[in-house]
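Participant: Quick one: structure below, then a few questions.
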Amino acid sequence: MCLDQVLVNLLTNAAKYGAGRPVHVRVEEVGGFARLTVRDEGIGITPEALPRLFGRFERAVSDRQYGGLGLGLYISRQLVEAMGGRVCVDSRLGEGATFTVELPLQPAPAADELAPVTVS
């Protein structure tokens, strides 16, 4: 459920600020990490707003124009970090934004490593 919420938050923001342009989603494995990238071609984010973007109740644009509480990215960062990962953003004003989530890959335990299940 945690990763679902992160994906919903990133896609919702991309659609909201994407100015009706395409949203690009990519998932790949990079050096032992799963990398999820969500990129929009929208309004972008000012350099001044980038450092505070993942803060609680922080917004890069006016809430009157776009709505929202400024919690989505904050919650996303908390969830990603709780899973041992990181999230970052790259953006230029007027050129859209790219959000990248990296999570460590953990191999599934081998069958002989699973604890036996007893049924009473």
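Throughout, read-outs are computed from the coordinates displayed, never taken from laboratory work. Keep in mind that what you see is a predicted model, and the values were worked out from it rather than measured. Glycine gets a Cβ as well: all are built from the backbone with ideal geometry, and neighbour counts include every protein chain shown.
Participant: Which whole-Hz ³J(HN,Hα) couplings does the range 41-51 yield from phi under the Karplus relation 6.51 cos²θ - 1.76 cosθ + 1.60, θ = phi - 60°, glycine and proline marked x?
Facilitator: Each residue of the range 41-51 in turn: 10, x, 6, x, 10, 5, x, 5, 7, 4, x Hz.
Participant: Order the peptides 82-95, 38-51, 16-29 from the highest to the lowest mean number of other Cβ atoms within 10 Å of their residues.
Facilitator: Details: 82-95: 14.9, 38-51: 17.0, 16-29: 12.9.
Per-residue Cβ counts within 10 Å, averaged per peptide and sorted highest first, yield 38-51, 82-95, 16-29.
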